[in-house]
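Asks: Below are the structure tokens for one structure; questions will follow.
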Amino acid sequence: MDSNSNTKIKPAGNRLVLSVKKAYERFLKIRGNPNEIALGFALGLFIGMAPCMGIQTVIAVFLAALLKWNKFSAAAGVWISNPISAPFVYGFTFYIGSLFTGVTNSFKPTDVFDFEYLYQIVWNAPGIFWALTIGGIVTGIPIALIGYYLSYMAVKRYQDDIKRKIAEQKERLAARKAISAGNNKKKKRKK
């Protein structure tokens, strides 16, 4: 890049923050009842903690449709276990599940970054699968409850702000019309 260029390269951290912020803004703009949006999001978070990699979104959207909750927010919630966070999410759920099932950790921490290895573990070792499942349930419930509360409050606040702004605009418009109508009456009297 030459020295005269006005374009700035943003650090990767800034792009990540902007992406998260943009996703949050899109989430707030989902249309619907705040309760249904929050329920869908909580469902997505819960399903996102389950060891059903690759089909989580389908499961969450199907269940949200069945329960008449918001499908878009359910799909958004599933992304708690995205390709970047999945090794940490599943490592944590396995650890929690192993406390309940007694399954021991037979792989190195670096193995959680090898997705093929993780798939082999899930499909070839029922004990590990059950540890992931139980860990997903145990961690998914509080995460879903917290996610419900936070998303409900955020969506409700956003929708209330929009309603307030619309009401203020209507009041200003009505005031302008009243002033304009008053001015028109004065002009007619002068004639």
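Asks: How many of the residues making up segment 147-175 are of a type outside the set (V, I, T) and touching a helix residue (DSSP H, G or I) at 6+ places or on another chain (Cβ under 7 Å)?
Replies: Number of matching residues: 8.
Asks: Taking D161 and the conditions (1) under 30 Å from E25 (Cα atoms); (2) at pLDDT 90 or above, which numbered condition does it fall short on, given that it satisfies the others?
Replies: (2)
Asks: Within segment 119-175, work out how many residues are over 15 Å from T93 (Cα atoms) and hydrophobic (A, V, I, L, M, F, W, C).
Replies: Summing the residues that are over 15 Å from T93 (Cα atoms) and hydrophobic (A, V, I, L, M, F, W, C) in segment 119-175 gives 14.
Asks: Looking at this structure, is R172 out of contact with any Gly (no Cβ under 7 Å at 6 or more places or on another chain), basic (K, R) and at pLDDT below 80?
Replies: Taking the combined requirement at face value, the residue does not satisfy it.
Every residue, every condition in (1) in contact with a Phe, Trp or Tyr (Cβ under 7 Å, 6 or more places away or on another chain); (2) of a type outside the set (A, V, I, L, M, F, W, C); (3) part of a helix (DSSP H, G or I); (4) modelled with pLDDT of 90 or more, yes or no:
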residue	(1), (2), (3), (4)
T104	no, yes, no, no
D111	yes, yes, yes, no
Y119	no, yes, yes, no
G127	no, yes, yes, no
G135	yes, yes, yes, yes
T139	yes, yes, yes, yes
I146	no, no, yes, yes
R176	no, yes, yes, no
G182	no, yes, yes, no
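Asks: When you look at I80, is it surrounded by fewer than 22 Cβ atoms within 10 Å (Cβ to Cβ), β-branched (V, I, T) and within 23 Å of E25 (Cα to Cα), yes or no?
Replies: Considered against the rule, which asks whether it is surrounded by fewer than 22 Cβ atoms within 10 Å (Cβ to Cβ), β-branched (V, I, T) and within 23 Å of E25 (Cα to Cα), I80 comes out as yes.
Asks: In segment 31-56, what residues are under 24 Å from I96 (Cα atoms) and under 12 Å from the mean Cα position of the chain (by Cα)?
Replies: F41, A42, L43, G44, L45, F46, G48
Asks: Taking segment 114-151 only, how many residues are hydroxyl-bearing (S, T, Y) and crowded, with 18+ Cβ neighbours inside 10 Å?
Replies: 4
The values are calculated or read from the model by the stated rules, or taken from the named source; none is laboratory data. Bear in mind that the values here come from a model prediction, so they are computed numbers and not experimental data. All Cβ positions, glycine included, derive from the backbone under ideal geometry; neighbour counts span all protein chains shown.
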